[in-house]
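Input: a single structure, listed below in structure tokens.
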Amino acid sequence: MAEYELQCFAQSGNAYKVALMLELSQASWTPVWVDFFNGATRDPEFRSEENEMGEIPVLRHGETRLTQSA
């Protein structure tokens with residue numbers, strides 16, 4: 001099982017920055033595709049459990065959740 005989980009979609013430059021950092025640091029991670037263009041981030045469940053602002057990327061490490069890539 002991967003140490004990090006990155007919720008992302010291919011067209012996200014912000015998610016790319018996080019994925020690049022994970023790759024360059026040789027971290028154990030897995031991408032989790034989010035259907036951003038069909039409204040997955042506007043879903044109330046996503047907003048309550050993942051990112052209340054409805055944005056991508058979301059990086060999980062155990063119980064820690066980071067929602068801003070900058």
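For the range 4-66, relative contact order (Cα pairs under 8 Å, six or more residues apart, normalised by length) works out to 43 percent.
Using r as the Cβ-Cβ distance of Gln68 and Ser28, and R0 as 25 Å, what FRET efficiency do you calculate, to the nearest 0.05? After rounding, the FRET efficiency stands at 0.65.
Rounded to the nearest 500, the 222 nm mean residue ellipticity of the chain from helices alone is -7500 deg cm²/dmol, with -39,500 (n - 2.57) taken per DSSP H run of at least 4 residues. Residues in the range 22-37 carry Karplus couplings, in order, of 5, 5, 5, 8, 6, 6, 7, 8, 9, x, 10, 5, 10, 7, 4, 6 Hz; the curve used is 6.51 cos²θ - 1.76 cosθ + 1.60 with θ = phi - 60°, and Gly or Pro positions show x.
Here the dipole of the range 4-66 is about 200 debye; that uses its Cα centre as origin and unit charges on the Cβ of Lys and Arg (positive) and Asp and Glu (negative). Values [x] 6.2; [y] 5.3; [z] 4.6 are given for comparison; mean projected area of the Cα convex hull in nm², derived from the coordinates here, is the one labelled [z].
Where a number appears in this text, it was derived from the coordinates with a stated rule and is not lab data. None of these values were measured; they are calculated from a predicted model. We place every Cβ from the backbone using ideal geometry, glycine too, and count neighbours over all the protein chains shown.
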